[in-house]
Amino acid sequence: MSTELKSKKRTFKPIDSRQPTVRKMDFETMSDLPSHYFAGNSFITHMINAYHILFPEGERFFIRSVKAFSDRVVDPQLQTNIKAFIGQEVQHGKEHEKVLEILAQQGRPVKRFIRFFEWSAFRVMLPFFEFFFGKKLKLSVTAGMEHYTATMGEITLRHGFHEKTYGEMRNLLLWHACEEIEHKSVAYDLLQTVSNSYTLRIFGFFLASWIFWGYVVFFQHWFLLTDPGIGWKKYFQDMNSSREYGRILIAETAKAFFLYLKPGFHPAQTGGYEMEDRALSTII
């Protein structure tokens with residue numbers, strides 16, 4: 001990783017899936033972020049940038065969806081975990097908004113991307129389905145999205161993808177990945193408390209799949225098309241050099257997709273907690 005990181009090591013409370021912890025971060029040293037900060041590869045960098053677009057408003061959606069049903073929870077442990085979940089998501093949104101400011105400074109049309117995402121997803125698509133399926137659908141979508149974010153976190157840590165990323169972006173992605181794994185069961189447990197309908201869970205997951213992957217591919221290519229540093233030659237070079245990462249991503253997310261479809265599935269079954277605890281300790 002070709003950059004200078006902060007010399008003072010951060011210390012964190014260990015990962016605990018039974019009781020997630022809110023860790024307030026302050027990633028302020030990304031002003032020198034390169035245009036293609038993932039191993040110089042524009043294809044993967046702009047895929048990550050697409051997630052940066054989705055995360056802030058997506059995190060707020062998760063919080064609203066969970067808060068809407070938190071008053072139905074009688075289990076004190078789940079009540080505590082919901083509060084930690086909300087706190088973590090607030091922190092994630094704040095840090096990704098800082099990245100969006102940097103991307104805007106680089107000349108990326110960030111505001112247009114955000115306006116389109118907010119309008120199409122949260123004013124058109126989700127309200128349409130909510131009209132037919134009720135507010136529980138949003139919680140089901142949240143649980144499904146959390147399965148994907150935790151899966152992406154596990155893939156990142158297992159294969160060391162974060163180590164290919166420049167400077168503080170490496171730390172941000174690593175921290176976010178760890179906390180997504182830590183709280184991956186919270187929204188799911190709340191959904192099961194509100195409704196144990198398999199149909200509701202799976203329909204919400206299909207909708208979450210469309211949002212999570214459809215918007216990412218769309219925004220990734222919108223970033224690529226508006227990037228003045230990319231011609232057709234670099235586009236195809238970077239796309240070809242990203243195939244190894246793509247094979248891993250497709251194979252492992254496909255496994256996660258079919259795992260979620262099992263009637264007896266629970267997010268805790270995928271584990272990964274010790275791995276994330278070790279990874280978290282490497283943030284400096």
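The values are calculated or read from the model by the stated rules, or taken from the named source; none is laboratory data. Being a predicted model, the structure only gives us computed values, none of them experimental. Note: ideal-geometry Cβ built from the backbone for every residue, glycine included; neighbour counts use all protein chains shown. Please note that ligands, DNA and RNA were not included when accessible areas were found on the heavy atoms of the full protein model with its side chains. Shrake-Rupley method; radii C 1.70, N 1.55, O 1.52, S 1.80 Å.
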Across (1) surrounded by 15 or more Cβ atoms within 10 Å (Cβ to Cβ); (2) closer than 30 Å to W232 by Cβ; (3) among the acidic types (D, E), D32 clears everything bar (1)
Flagged pairs (Cβ under 9 angstrom, 6 or more apart or on separate chains; first in the stretch 243-269, part of a loop (DSSP other than H, G, I, E, B); second surrounded by 16 or more Cβ atoms within 10 Å (Cβ to Cβ)) are L261/F205; F265/H147; F265/Y188; F265/R201; H266/S185; H266/Y188; H266/D189
Flag for I211 being at pLDDT below 95, out of contact with any His (no Cβ under 7 Å at 6 or more places or on another chain) and under 14 Å from T142 (Cα atoms): yes
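Would it be correct to say that E146 is in contact with a Lys or Arg (Cβ under 7 Å, 6 or more places away or on another chain), open to solvent by 20 Å² or more (accessible area, probe 1.4 Å) and not polar (S, T, N, Q)?
When the stated conditions are applied, E146 does not pass them.
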Checked pairs for the stretch 147-165, first more than 26 Å from D32 (Cα to Cα), second among the polar types (S, T, N, Q) and surrounded by fewer than 23 Cβ atoms within 10 Å (Cβ to Cβ), C-beta under 7 Å and 6 or more apart or across chains, list as T151/T253; E154/T270
Expected single match for modelled with pLDDT of 95 or more and loosely packed, with under 15 Cβ neighbours inside 10 Å among K9, K67, K13 is K67
Within the stretch 247-284, residues closer than 15 Å to T156 by Cα and touching a His at 6+ places or on another chain (Cβ under 7 Å) come out as I248, A256
Within the stretch 244-263, the residues that are open to solvent by less than 60 Å² (accessible area, probe 1.4 Å) and either of a type in the set (K, R) or farther than 23 Å from I44 by Cα (or both) are L259, Y260, L261
- [ ] Kindly indicate whether L190 is among the hydrophobic types (A, V, I, L, M, F, W, C), out of contact with any Lys or Arg (no Cβ under 6 Å at 6 or more places or on another chain), open to solvent by less than 10 Å² (accessible area, probe 1.4 Å) and at pLDDT 95 or above.
- [x] yes
Considering only the stretch 229-240, I want to know if a residue exists there that is touching a Pro at 6+ places or on another chain (Cβ under 9 Å), open to solvent by less than 20 Å² (accessible area, probe 1.4 Å) and at pLDDT 95 or above.
no
Scanning the stretch 37-62 residue by residue, those surrounded by fewer than 19 Cβ atoms within 10 Å (Cβ to Cβ) and more than 14 Å from the chain's Cα centre (by Cα) turn out to be A39, G40
